[in-house]
1. When the dipole is taken about the Cα centre of the chain, and only Lys, Arg (+1) and Asp, Glu (-1) are charged at their Cβ, what size is it in debye, to the nearest 20?
2. If you count, for each residue, the other Cβ atoms within 10 Å and average over each peptide, how do 32-40, 109-117, 157-165, 134-142 line up from highest to lowest?
3. Farthest toward the dipole's positive end in the chain, which of LEU68, SER177, GLY212, given Cβ charges of +1 (Lys, Arg) and -1 (Asp, Glu) about the Cα centre?
4. Please work out the C-alpha center-to-center distance from region 119-138 to region 155-222 and express it in whole Å.
5. Work out the FRET efficiency for GLU20 and TYR107 from their Cβ-Cβ distance, taking R0 = 45 Å, and round it to the nearest 0.05.
6. Measuring with a 1.4 Å probe in the full set of protein chains, what accessible area per residue, in whole Å², belongs to the chain?
7. Share of the chain's accessible area from carbon and sulfur, percent, 1.4 Å?
8. Take the alpha-carbon positions of region 16-106, form their convex hull, and give its projected area averaged over all directions (one quarter of the hull surface) in nm².
Amino acid sequence: VKERVKIKTTEKVTFKKIFEAIKINKPLRIILAVYFLNIFMNIVQGMAPFFFKWNMDREDLFQFYSILTVCSALGFLILPILTKNFKKIAILRVLLIVDIILRGVFYFVGYSSPIFVVTMMGILFFIYALTAPILSVMIAETVEYAEYKTGIRAEAVTFSGQTFSGKLSVALAGTFSGLILSAINYNPELTTQSTETLSWFFIIMVLLPALGSLLRLIVLHFHTYDEVEHEKILNF
């Protein structure tokens, strides 16, 4: 096909201007911080096999757990309906609050029932999966914010920031998982782990992500850039 869009020759963007664009883009920094807080769920992903093996004594359930993480992506299908009627940041806040509440219920009920555990984890993963695309769209909206403030449209820098934040989160989660196993006295050579270690496995699986959701809510408190402001910039 023949390209019909004529690209205007623009001034070369220097590294100095790129960093200036990031420095002034407060909404981007806030959303990247929220995105980085995926580290709590990334730690859980690494600790899940230990929980199913030692606490549940059902290693086979870990395979089902893995399937749930994939199926939870189906939640993306309802996201357009939600964003059409509500602000993205409001949806995100509600999802985080619901996540905290359900995890509190999960902790107090316990894990004696495999059906309850699998059902609850399925719901929690569904909620968690909805947060990822919302954050991605919110990051995309900061491109115009930076352009409005600096005159530089740094899309590549903006989205590479998301990639870097995500990879850093995964990398640090792997490091912290090892440190946590050592801190809770996990010993793979034992046939049964101590009661204290088992308790910590459950706390990590259920309450650690709740802490992540709480921190996300705190960070989002400083985020005031929404669809209304974005629309104003587009029409400027």
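The values are calculated or read from the model by the stated rules, or taken from the named source; none is laboratory data. Keep in mind the model is a prediction, meaning the values are calculated, not measured. Ideal geometry is used to build each Cβ from the backbone, glycine not excepted, and the neighbour counts take in all protein chains shown. Note: areas computed on protein heavy atoms with side chains; ligands, DNA, RNA excluded. Shrake-Rupley method; radii C 1.70, N 1.55, O 1.52, S 1.80 Å.
1. Numbers: 22 positive and 17 negative charges, 210 e Å.
Dipole size: approximately 1020 debye.
2. Numbers: 32-40: 21.2, 109-117: 13.4, 157-165: 16.3, 134-142: 18.7.
Put in order of decreasing packing, that is 32-40, 134-142, 157-165, 109-117.
3. About the Cα centre, the residue reaching furthest to the positive side is GLY212.
4. 17
5. Working from the Cβ atoms, E equals 0.50.
6. Here the per-residue accessible area is 59 Å².
7. Exposed carbon and sulfur together represent 67 percent of the surface.
8. On the way: hull surface 34.3 nm².
For the Cα atoms of region 16-106, the hull's average projected area reads 8.6 nm².
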